[in-house]
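The values are calculated or read from the model by the stated rules, or taken from the named source; none is laboratory data. As the structure is a prediction and not an experimental result, all values here were calculated from the model. All Cβ positions, even for glycine, are placed from backbone atoms using ideal geometry, and neighbour counts span all protein chains on display.
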Amino acid sequence: MDVNDKKNLCSPCEFKSKTKEATKWYTECKETFCNSCHENHNAHISSKDHHVIPVDGKHMLKSLHIPLNEYCQDHEKDKDLYCSSHSEIICLTCTQTTHGKCEPAVRLSEVTKNAKISPFVSVLENNVIVVMEELKDIIKDRENNKLELEKQRTEILDTVKDIRKCINAELDQVEHKITDDLKAKFEKYNLDIDKNVKFLSDHLNGFKEIHEKIGVLKEYASDTRTFIGARALEKDLYSEEVMVTSFLEKIQSINIDIEKNPDIFVTCGKIKSFGDIQVKTLDKGYCIFKKIKGRYPIGIESKTLSKLSKALEIKIPQRSIIDNCALLPNKQMIFVDSNTRNKRLILFNEDGSHDRNIKLSSRLFDIAVIGNGKIALSFPWSTRKRIEIINTTSYQLEHEFFFKNKCYGISYDNGRLFVIVKSEGILIMDLSYGIRYRLKVEGYFMSMLKMTDFTVLTNVMTQYSVMT
């Protein structure tokens with residue numbers, strides 16, 4: 001258990017009956033040090049490599065309420081090994097009992113090395129960001145549905161008034177009946193949408209909290225604690241995903257309309273209603289949590305890749321999130337860094353040496369090579385949703401295509417650019433004349449595509465489709 005929680009006093013000084021404010025916290029020693037004692041402690045060979053953080057960092061980590069130390073309750077030992085077969089942290093005795101038939105365990109220190117910049121933490125953080133952005137989009141869609149309902153409500157009221165002008169005053173009671181029905185249904189479904197938005201907003205805050213905790217781990221925790229904390233956050237993320245997924249499956253888009261009575265002008269005395277307020281619901285197909293729990297990349301070499309040989313090693317800059325890449329005709333390699341803090345292209349030479357970084361104004365998603373001297377970039381998260389055509393000699397903008405909805409995966413084949421646009425399907429574009437065809441894709445939303453002899457579609461939920 002952490003000590004000196006009640007006061008930020010230097011532990012060695014306090015032992016000497018001195019009172020001095022502490023500035024450092026050593027995770028291995030579990031003690032606080034002032035600047036002077038910190039320098040002395042750091043001068044020893046046995047302790048110079050201890051992980052040290054500011055005292056405020058210790059309190060920040062504690063406020064996460066995440067278990068950052070693993071202890072085997074069954075065998076009363078520290079868990080310092082990692083079982084790749086079960087993606088679990090275990091102790092030495094576990095390898096001889098419950099994990100005796102698993103792949104040989106590796107030291108936890110090997111798995112957690114550079115955990116802050118590992119694919120595991122990067123993918124976890126990126127997935128949280130993606131979920132938050134998708135939830136924001138869904139909330140915006142729900143709000144837009146409210147606006148559409150208001151517009152439809154106004155149109156219906158106008159229709160009712162037009163009909164009312166054609167009949168005499170004795171039908172006032174009939175008008176009241178239809179408007180009351182409209183009001184009741186409008187308020188009911190308006191309230192339902194408000195409940196949807198509140199539920200989604202509450203869980204969006206939950207995902208924001210997980211994201212903030214990841215940031216604190218990366219800022220203040222050691223690699224081991226970052227790894228362990230991230231695994232705990234993974235469970236929180238999965239719990240949030242389960243609740244939101246179950247809720248999203250029940251969400252329906254609501255539209256209201258009126259079916260006018262064709263006999264309205266025949267015999268006014270016999271008419272009891274202007275029409276019926278019809279509510280048409282359409283399943284939106286919201287589905288942003290289809291990942292399997294625990295399917296996050298851990299830095300352990302897989303035996304299934306033993307027959308592959310490494311031809312080239314490329315050192316990607318730290319804190320990069322590489323989503324897509326392309327090979328240019330001159331054999332240079334260009335990588336898409338979709339980290340919200342970076343927003344850039346990273347260019348490497350044929351031998352793997354770093355050529356340069358190309359800073360962009362917005363966060364991009366996909367890249368496609370167009371002929372010998374151009375590339376296409378998609379920007380689904382920008383306010384101006386667009387595809388940019390870039391000259392690869394000067395890396396200057398040559399042309400832009402703008403979209404109403406988010407444009408994700410792009411692919412180029414035989415003079416045509418194929419673009420996946422949310423809610424629209426695949427748009428087939430001519431670089432000179434713009435959109436030529438639209439291909440509607442049924443089922444779950446797909447974000448990636450590749451044009452070969454077949455059209456291959458995939459999405460972030462690991463689903464795929466192949467179309468001829």
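Going by the structure shown, is E133 at pLDDT 80 or above, part of a helix (DSSP H, G or I) and either more than 20 Å from H75 (Cα to Cα) or not assigned by TED's automatic domain parsing to the domain that holds V279 (or both)?
Against the criterion (at pLDDT 80 or above, part of a helix (DSSP H, G or I) and either more than 20 Å from H75 (Cα to Cα) or not assigned by TED's automatic domain parsing to the domain that holds V279 (or both)), E133 qualifies.
Just to be sure I understand, how many residues within the range 20-55 are in contact with a Cys (Cβ under 7 Å, 6 or more places away or on another chain) and not hydrophobic (A, V, I, L, M, F, W, C)?
5
For S85, only one of the following conditions fails: (1) at pLDDT below 85; (2) more than 16 Å from A232 (Cβ to Cβ); (3) part of a loop (DSSP other than H, G, I, E, B). What is its number?
Answer for S85: the failing condition is (1).
So, restricting to strands (runs of 3 or more DSSP E) that lie completely within the range 358-468, which ones have at least 3 residues that are modelled with pLDDT of 75 or more?
Of the strands (runs of 3 or more DSSP E) lying wholly inside the range 358-468, those with at least 3 residues that are modelled with pLDDT of 75 or more span 367-370, 374-379, 386-391, 397-402, 407-413, 416-421, 425-430, 434-439.
Only one of these conditions is not met by N324: (1) more than 22 Å from the chain's Cα centre (by Cα); (2) under 20 Å from N126 (Cβ atoms); (3) not small (G, A, S). Which number is it?
Tallying (1) more than 22 Å from the chain's Cα centre (by Cα); (2) under 20 Å from N126 (Cβ atoms); (3) not small (G, A, S), N324 fails exactly one: (1).
When only residues in the range 237-265 that are of a type in the set (V, I, T) and touching a Ser or Thr at 6+ places or on another chain (Cβ under 8 Å) count, which is surrounded by the most Cβ atoms within 10 Å (Cβ to Cβ)?
I254
Would a scan of the range 198-215 turn up a residue that is assigned to a helix (DSSP H, G or I) and touching a strand residue (DSSP E or B) at 6+ places or on another chain (Cβ under 8 Å)?
Taking every residue of the range 198-215 in turn, none turns out to be assigned to a helix (DSSP H, G or I) and touching a strand residue (DSSP E or B) at 6+ places or on another chain (Cβ under 8 Å).
Working only within the range 142-187, note down all residues that are touching a Phe, Trp or Tyr at 6+ places or on another chain (Cβ under 7 Å) and within 15 Å of N255 (Cα to Cα).
Residues satisfying the conditions are L149, R153.
Within the range 340-356, how many residues are farther than 15 Å from L377 by Cα and either touching a residue at least 12 places away in the same chain (Cβ under 8 Å) or surrounded by 13 or more Cβ atoms within 10 Å (Cβ to Cβ) (or both)?
10
Would you point out the residue of the range 91-122, among those that are among the hydrophobic types (A, V, I, L, M, F, W, C) and under 16 Å from A232 (Cβ atoms), that is modelled with the highest pLDDT?
So, considering only residues that are among the hydrophobic types (A, V, I, L, M, F, W, C) and under 16 Å from A232 (Cβ atoms), the one modelled with the highest pLDDT is L108.
Counting only residues that are surrounded by fewer than 15 Cβ atoms within 10 Å (Cβ to Cβ) and under 37 Å from the mean Cα position of the chain (by Cα), which one in the range 22-49 is nearest to M60 (Cα to Cα)?
K30
Just to be sure, is N114 exposed (fewer than 15 other Cβ atoms within 10 Å of the Cβ) and of a type in the set (S, T, N, Q)?
Considered against the rule, which asks whether it is exposed (fewer than 15 other Cβ atoms within 10 Å of the Cβ) and of a type in the set (S, T, N, Q), N114 comes out as yes.
Within the range 39-49, identify whether any single residue is assigned to a helix (DSSP H, G or I), within 28 Å of E110 (Cβ to Cβ) and either at pLDDT 80 or above or in contact with an Asp or Glu (Cβ under 9 Å, 6 or more places away or on another chain) (or both), and answer yes or no.
Checked against the condition, which is being assigned to a helix (DSSP H, G or I), within 28 Å of E110 (Cβ to Cβ) and either at pLDDT 80 or above or in contact with an Asp or Glu (Cβ under 9 Å, 6 or more places away or on another chain) (or both), the range 39-49 yields at least one hit.
Which of the residues that make up the range 201-222 are of a type in the set (A, V, I, L, M) and within 13 Å of L233 (Cα to Cα)?
Within the range 201-222, I210, I214, V216, L217 qualify.
Here is a yes/no grid of residues against (1) among the β-branched types (V, I, T); (2) under 27 Å from the mean Cα position of the chain (by Cα); (3) crowded, with 19+ Cβ neighbours inside 10 Å:
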site: T98; (1), (2), (3): yes, no, no
site: V106; (1), (2), (3): yes, no, no
site: V121; (1), (2), (3): yes, yes, yes
site: K136; (1), (2), (3): no, yes, no
site: T159; (1), (2), (3): yes, no, no
site: R164; (1), (2), (3): no, no, no
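Could you check how many residues of the range 174-194 are closer than 13 Å to I156 by Cβ and polar (S, T, N, Q)?
Summing the residues that are closer than 13 Å to I156 by Cβ and polar (S, T, N, Q) in the range 174-194 gives 1.
Cβ contacts < 9 Å: first residue assigned by TED's automatic domain parsing to the domain that holds H75, restricted to the range 93-105; second residue in a helix (DSSP H, G or I), any location; separation 6+ or different chain. Result?
G100/C94; C102/T95; E103/K303; P104/T95; A105/C94; A105/T95
Quick one: in the range 301-354, of everything that is basic (K, R) and closer than 30 Å to V131 by Cβ, which residue is modelled with the lowest pLDDT?
Restricting to residues being basic (K, R) and closer than 30 Å to V131 by Cβ, the top hit is R319.
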